[in-house]
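Here's the structure we're looking at; comments come further down.
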Amino acid sequence: MAEVAAGEELVEALVGFARRLRQEGLLVGPGDTRTYCAVLAPLDPTDLVDVYWAGRVALVTRPDEIPVYDRVFRAYFLTGDDGGPPPVVPVTPRARQELRATIQVPEPEEGSHERELERAELGLVGSEIRVTRSKAFAACTPEELAALRRVISTMRLMPPRRRTRRQVPARRGGAPDLRRTVRETMRRHGELDGLRRRRRRLRLRKLVLILDVSGSMTDHSRNLLQFAHSTKRACDRVEVFCFGTRLTRITRDLEHRSPDAALARAAESVVDWAGGTRIGACLDAFVREWGRRGLSRGGIVVICSDGLDRGDPAVLEQAMARLQRLSHAIVWVDPDLGETAGTPTSVGMMVALPYVDRLLSGRDLAGLSELAATLPQLR
């Protein structure tokens, strides 16, 4: 019974802390509070460092919220303001010292970001992102690539929505729902307060990314994987494959929160990195092993490759024809397209082009932005 009471007091302390954050302007809802309690469950609730980082992971969503979170945490758990935590979270002098020594969150200079943006818009300083937006990845310096990857990590590929057969209630529009209308009328003892309506439920289409990591794509492979990682983190219905001479599924490898760790795990899984290219054989393997299982049925398939295929063009044509029948739309991203004025020159691209719905360039940041803007339009 004592352990149950202590657990209830701990939950009460965490709920009170979340309530204080919400009063300070942070968007902390009941679901975030439950996540906070679940994250802290396997940790030591008497260790303030664990309590701090569990809350920072579960309750903070933007970097500008960190100073507010830090201030409220210190006031709630250290100084005892706002009622303080219950006795189940003991705050000893040693705990205070360890927390202050471990957690150092520098507060940003007030208005520094706004002043930098204002100066860039007035033309007083140069904007590195605007300069490198139309610059090819292969021509960027390491510093420019690092800046571009930070921007790519914030970009998201969002597939279009499709209407399913399942019906859901609708506030306005849609078809009349007579069954629910009669049921509500009977519940109100024959009093009709309005006509109930229903509409078909909308659901995101599946998104399949098939990335070329052969030797000819070396200058673009990491950026495309970075793009795939941010997309996987934003949308659950995403599958990612890599191919060179063989097809490798790396969806689970990209589930890691850290981009560098996710890309390192993906590089370990792909055994033919920076090797040869067999696009037709790899796409045929995808259709046989994954496409027929329903992975690409009704979905959007994005193929990122330069089309330099060393295999039989007939195999590539047959695989593309099968893939077109299974999927809703095929988008091909060719990094060499910008250099050839929009005209494909490789044999692989010429064979695959009749089966492609959209052909885009992925040689720079502008091309990836165009890809992100094109996908929601493929209804």
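The values are calculated or read from the model by the stated rules, or taken from the named source; none is laboratory data. In this text the structure is predicted, and so the values were computed from the model without any measurement. Don't worry about glycine lacking a Cβ; one is built from the backbone with ideal geometry, like all the others, and counts go over all protein chains shown.
Of note:
- Residue pairs whose Cβ atoms lie under 7 Å apart, separated by 6 or more positions or on different chains, with the first residue in region 27-38 and under 14 Å from residue 50 (Cα atoms) and the second at pLDDT 85 or above and surrounded by 15 or more Cβ atoms within 10 Å (Cβ to Cβ), are 36/14; 36/18; 36/54; 36/55; 36/58; 36/59; 37/14.
- Within region 260-277, the set of residues being in contact (Cβ under 8 Å) with a residue 24 or more places away in the chain and either of a type in the set (Asp, Glu) or not assigned by TED's automatic domain parsing to the domain that holds residue 214 (or both) comprises just one member, 272.
- Residues of region 317-349 that turn out to be in contact with a Pro (Cβ under 8 Å, 6 or more places away or on another chain) and touching a residue at least 40 places away in the same chain (Cβ under 8 Å), as a count: 2
- Here residue 44 passes the criteria (1) at pLDDT below 80; (2) assigned to a helix (DSSP H, G or I); (3) touching an Asp or Glu at 6+ places or on another chain (Cβ under 7 Å); (4) of a type in the set (D, E, K, R) except the one numbered (2).
This table checks each residue for (1) exposed (fewer than 15 other Cβ atoms within 10 Å of the Cβ); (2) part of a strand (DSSP E or B).
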residue: 155; (1), (2): no, no
residue: 162; (1), (2): no, yes
residue: 169; (1), (2): yes, yes
residue: 179; (1), (2): yes, no
residue: 192; (1), (2): yes, no
residue: 200; (1), (2): no, yes
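- Looking across region 28-58, the residues that are among the hydrophobic types (A, V, I, L, M, F, W, C) and farther than 13 Å from residue 16 by Cα come down to 38, 39, 40, 41, 43, 48, 49, 51, 53, 54, 57, 58.
- Residue within region 243-253 that is farther than 28 Å from residue 353 by Cβ, modelled with pLDDT of 90 or more and touching a helix residue (DSSP H, G or I) at 6+ places or on another chain (Cβ under 8 Å) present: yes
- Restricted to region 48-77, and to residues there that are surrounded by fewer than 16 Cβ atoms within 10 Å (Cβ to Cβ) and of a type in the set (D, E, K, R), the residue that is farthest from the chain's Cα centre (by Cα) is 71.
- Output for region 218-254, where each listed residue is among the acidic types (Asp, Glu), in contact with a strand residue (DSSP E or B) (Cβ under 9 Å, 6 or more places away or on another chain) and surrounded by fewer than 22 Cβ atoms within 10 Å (Cβ to Cβ): 236, 239
- Selection status of residue 377, modelled with pLDDT of 90 or more and of a type in the set (S, T, N, Q): no
- Pairs meeting the criteria (first residue in region 278-292 and touching a residue at least 12 places away in the same chain (Cβ under 8 Å), second residue surrounded by fewer than 23 Cβ atoms within 10 Å (Cβ to Cβ) and of a type in the set (Ser, Thr, Tyr), beta carbons under 7 Å, at least 6 apart or on different chains) are 278/245.
- Restricting 257, 297 to those that are surrounded by fewer than 13 Cβ atoms within 10 Å (Cβ to Cβ), more than 24 Å from residue 348 (Cβ to Cβ) and in the same structural domain as residue 236 (by TED's automatic domain parsing) reduces the list to 257.
- The set of residues in region 231-246 that are farther than 15 Å from residue 217 by Cβ and either in contact (Cβ under 8 Å) with a residue 40 or more places away in the chain or outside the structural domain of residue 307 (by TED's automatic domain parsing) (or both) comprises 231, 234, 235, 237, 238, 239.
- Qualifying residue in region 360-375 (condition: touching an Asp or Glu at 6+ places or on another chain (Cβ under 6 Å) and assigned by TED's automatic domain parsing to the domain that holds residue 227): yes
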